[in-house]
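Read the figures in this text as sums done on the coordinates, not as results from a lab. What you see is a predicted model, and the numbers here were worked out from it, not measured in a lab. So basically every Cβ, Gly included, is an ideal-geometry build from the backbone, and we count neighbours across all protein chains shown.
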Amino acid sequence: MRVTIPQRPERKDLSGYGEDLLLEMYRRMVLIRRFELKVNELYHEGIMPGTIHLSHGQEATTVGTCLALQQQDVITLTHRGHGQALAKGVSVRSIMAELFGKATGCCRGKGGSLHVGDLSVGALPAIGIVGASSPIAAGMAFAFQRAGSRRVVLNFFGDGAVNEGDWHEAMNLAALWKLPAVFLCENNFYGVSTHISDVVLNEYLAERAAAYRMQGVTIYGNDPITVYDTVAEAAERARNGQGPTMVECLTYRRGGHKRDDKGAYRPEEEVAAWFQREPLTDFREYLLTDGRFTADRLDSLEREINESVDQAVDFALSSPDPDPASALEDVYAE
Ligand SMILES: Cc1ncc(C[n+]2csc(CCOP(=O)(O)OP(=O)(O)O)c2C)c(N)n1
Ligand SMILES: [Mg+2]
């Protein structure tokens with residue numbers, strides 16, 4: 001097993017980035033973190049049903065990515081999809097209600113954690129089968145291309161997807177047909193308990209893009225500015241008919257694969273190094289060095305976010321269960 005600890009990129013001068021954009025980046029990252037920690041608490045108290053895969057630690061990748069897209073662009077989500085959905089703008093109340101299986105949830109309580117999403121904000125409800133979303137993303141990108149629209153599809157997948165046949169087929173067709181797609185790998189180095197270096201010889205997964213004559217780039221995924229800039233450029237290329245890009249974001253999940261997994265298979269030095277590369281505190285410091293934001297302002301934003309998460313829990317708990325008579329609705333397209 002090979003441990004990879006990337007260097008943090010040099011901090012840029014943020015003056016070229018709008019105040020609203022920077023605050024929205026911070027807001028969404030904090031929202032994802034607070035949402036995930038609250039959900040984890042509720043799950044362990046036995047209040048929340050089902051299963052959950054938390055993405056805390058990976059917020060900079062999901063938020064930097066989604067903010068670089070336009071509202072009409074579509075993302076496909078993975079099994080670790082709460083953060084991806086929140087980053088694209090799915091409402092916190094509707095995701096919380098979905099996790100509780102309530103009729104007010106984003107999938108009317110029929111999908112749960114593994115299927116969160118809302119197409120009205122460009123988040124196709126999540127697909128839990130590893131690698132299976134890539135051909136679906138390519139298909140949507142093909143439809144957008146044929147319709148002559150300028151919409152882009154961004155396919156989120158984990159490092160675990162790159163040995164799946166589906167993924168290779170999608171990468172090949174997308175490159176061949178110059179589809180308006182971005183393939184976004186959240187490389188957190190583990191597929192459940194298997195380290196990526198035990199199943200792939202490439203040092204970086206984006207090397208594989210070259211096999212399809214696709215552009216590929218590997219970046220530090222715990223800085224939302226780096227992610228934002230890279231994805232914005234990739235999306236622009238896709239939108240202009242210059243073909244897809246694979247963007248590999250190096251990041252790390254703070255917890256285990258799911259609920260009761262403590263991640264004990266991870267070497268201590270790897271965990272410690274990545275915990276020092278904490279995206280939220282790093283970005284907060286980054287913002288404070290800019291001069292436009294005070295600690296008070298960021299603190300009050302955090303308080304608002306905490307309240308919105310608590311309100312989402314109240315909303316979910318007081319929402320009705322789905323009506324059993326509706327069980328067969330939403331199964332087939334009308
Ligand atoms: C085709 C397929 N095989 C196995 C699984 C079980 N499974 C769920 S998540 C997961 C690990 C995926 O790892 P990765 O793609 O790196 O995503 P991460 O969990 O790290 O976000 C596996 C093997 C699955 N859902 N689909
Ligand atoms: Mg992984």
Among (1) over 17 Å from the mean Cα position of the chain (by Cα); (2) among the polar types (S, T, N, Q); (3) closer than 30 Å to Tyr26 by Cβ, which single condition is Asn222 missing?
(1)
From Val90, Val121, grab the single residue that is among the β-branched types (Val, Ile, Thr) and surrounded by 20 or more Cβ atoms within 10 Å (Cβ to Cβ).
Val90
Check region 198-210 and report whether any residue there is within 16 Å of ligand 2 (Cβ to nearest atom), more than 22 Å from the chain's Cα centre (by Cα), of a type outside the set (A, V, I, L, M) and more than 16 Å from Cys249 (Cα to Cα).
yes
By residue number, the members of region 162-195 that are in a loop (DSSP other than H, G, I, E, B) and within 16 Å of the chain's Cα centre (by Cα) are Asn188, Phe189
Can you tell me how many residues in region 40-66 are surrounded by fewer than 23 Cβ atoms within 10 Å (Cβ to Cβ) and part of a helix (DSSP H, G or I)?
5
Matching residues, region 162-197, being more than 16 Å from ligand 2 (Cβ to nearest atom), among the aromatic types (Phe, Trp, Tyr) and in contact (Cβ under 8 Å) with a residue 40 or more places away in the chain:
none
Subset of region 141-161, residues in contact (Cβ under 8 Å) with a residue 12 or more places away in the chain, among the hydrophobic types (A, V, I, L, M, F, W, C) and away from ligand 1 (no atom under 14 Å from the Cβ), comes to Ala141, Phe142, Phe144, Val152, Val153, Leu154
What number of residues within region 12-53 satisfy the criterion of being within 16 Å of ligand 1 (Cβ to nearest atom) and under 21 Å from Asn155 (Cβ atoms)?
2
Would region 271-293 turn up any residue that is within 16 Å of ligand 2 (Cβ to nearest atom), in contact (Cβ under 8 Å) with a residue 40 or more places away in the chain and surrounded by 15 or more Cβ atoms within 10 Å (Cβ to Cβ)?
yes
Name the residues in region 322-334 that are touching a residue at least 12 places away in the same chain (Cβ under 8 Å) and outside any loop (DSSP other than H, G, I, E, B), would you?
Ser326
Within region 165-218, take every residue that is of a type in the set (Asp, Glu) and loosely packed, with under 15 Cβ neighbours inside 10 Å and give me the one that is farthest from ligand 1 (Cβ to nearest atom).
Glu203
When Ala138 is run through (1) assigned to a helix (DSSP H, G or I); (2) more than 15 Å from the chain's Cα centre (by Cα); (3) within 16 Å of ligand 1 (Cβ to nearest atom), the failure sits at (3)
State all residues of region 141-161 that are away from ligand 2 (no atom under 16 Å from the Cβ) and either in a loop (DSSP other than H, G, I, E, B) or buried (at least 21 other Cβ atoms within 10 Å of the Cβ) (or both); if no residue qualifies, say none.
Ala141, Phe144, Ala147, Gly148, Ser149, Arg150, Arg151, Val152, Val153, Leu154
